[in-house]
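Engineer: Take this structure first; my questions come after.
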Amino acid sequence: VGLLFESVIVCAQYLTGSTLGLQPLGAHREFAEVQLGSAGFSRIGGTLAHPNRLGAYLESVLPVALALSFTASRLRMHLAAVGAFVLGLIALILTLSRGAWVSAAVACGPLWAYLLLQRRMRLRATALIILFAVGVVLACFAPVIIARWVEHDQGTAASRIPQMRVAWSMITSH
């Protein structure tokens, strides 16, 4: 339910270009902006205020929704889980959080592989249907996804190198 709720809010924020007045729930007044090449994109944060925080939430609940879509015994629960997963994937893309994208793929990938290798046709058919839906979503957002990976990111990734060095120093000293 939380994934569905948050995903609907994120999609509504994206479609309207506004935070929907959700500041009391934690949303920022404005979206984080990222310049990719000559185009600017808004990074949506939902009710969690920051896109990376939203991405961390989504990457942790998307695998659960995916698993639930295969294990739900009632059709209504099955459809809700599939819908939540697909909407959650759209919300995850709208965060423009590369780390969350990778984490979600790493978490969901083995589950998909396992399900596609199952002999039960219902599981395999469901996995293929969801995989098709994911393909459609990724195709719709392909220009943004590609730009996020290949365009200059104004030094946001490079700014994390000092943090990584400090973290590594702490790890090696303990």
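The values are calculated or read from the model by the stated rules, or taken from the named source; none is laboratory data. Everything quoted here is computed from the prediction, not taken from an experiment. FYI the Cβ positions are ideal-geometry reconstructions off the backbone, even for glycines, and counts take in every protein chain you see. The accessibility values were calculated without ligands, DNA or RNA, using every heavy atom of the protein model including side chains. Shrake-Rupley method; radii C 1.70, N 1.55, O 1.52, S 1.80 Å.
Engineer: From the list SER159, SER169, which one is in a helix (DSSP H, G or I), open to solvent by 60 Å² or more (accessible area, probe 1.4 Å) and either within 17 Å of ARG98 (Cβ to Cβ) or touching a Cys at 6+ places or on another chain (Cβ under 8 Å) (or both)? Let's see the steps before the verdict.
Structural biologist: Working: SER169 fails: either within 17 Å of ARG98 (Cβ to Cβ) or touching a Cys at 6+ places or on another chain (Cβ under 8 Å) (or both).
Unique residue meeting the criteria: SER159.
Engineer: Now for a separate question. Would you check if there is a residue in the range 111-122 being within 14 Å of the chain's Cα centre (by Cα), in contact (Cβ under 8 Å) with a residue 12 or more places away in the chain and surrounded by 15 or more Cβ atoms within 10 Å (Cβ to Cβ)? Don't jump to the end; show me each part of the working.
Structural biologist: Filtering the range 111-122 down to residues within 14 Å of the chain's Cα centre (by Cα) leaves none.
No: the range 111-122 contains no residue that is within 14 Å of the chain's Cα centre (by Cα), in contact (Cβ under 8 Å) with a residue 12 or more places away in the chain and surrounded by 15 or more Cβ atoms within 10 Å (Cβ to Cβ).
Engineer: Condition (residue is open to solvent by 90 Å² or more (accessible area, probe 1.4 Å), closer than 29 Å to GLY40 by Cα and among the β-branched types (Val, Ile, Thr)) applied to the range 102-110: is it met by at least one residue? Steps first, please.
Structural biologist: Within the range 102-110, the subset open to solvent by 90 Å² or more (accessible area, probe 1.4 Å) is 106.
Restricting the remaining residues to those that are closer than 29 Å to GLY40 by Cα gives 106.
When the remaining residues are screened for being among the β-branched types (Val, Ile, Thr), the result is 106.
Yes, that holds for at least one residue.
Engineer: Also: For the range 86-101, enumerate the residues that are in contact with a Cys (Cβ under 7 Å, 6 or more places away or on another chain) and open to solvent by 30 Å² or more (accessible area, probe 1.4 Å).
Structural biologist: Step one: list which residues in the range 86-101 are in contact with a Cys (Cβ under 7 Å, 6 or more places away or on another chain), which gives 87, 90-91.
Once the filter is applied, which keeps residues that are in contact with a Cys (Cβ under 7 Å, 6 or more places away or on another chain) and open to solvent by 30 Å² or more (accessible area, probe 1.4 Å), the range 86-101 yields LEU87, ILE90.
Engineer: While we're here: Consider PRO24 against the criteria (1) modelled with pLDDT under 85; (2) crowded, with 16+ Cβ neighbours inside 10 Å; (3) part of a helix (DSSP H, G or I): it satisfies all of them except one. Which criterion is unmet?
Structural biologist: (2)
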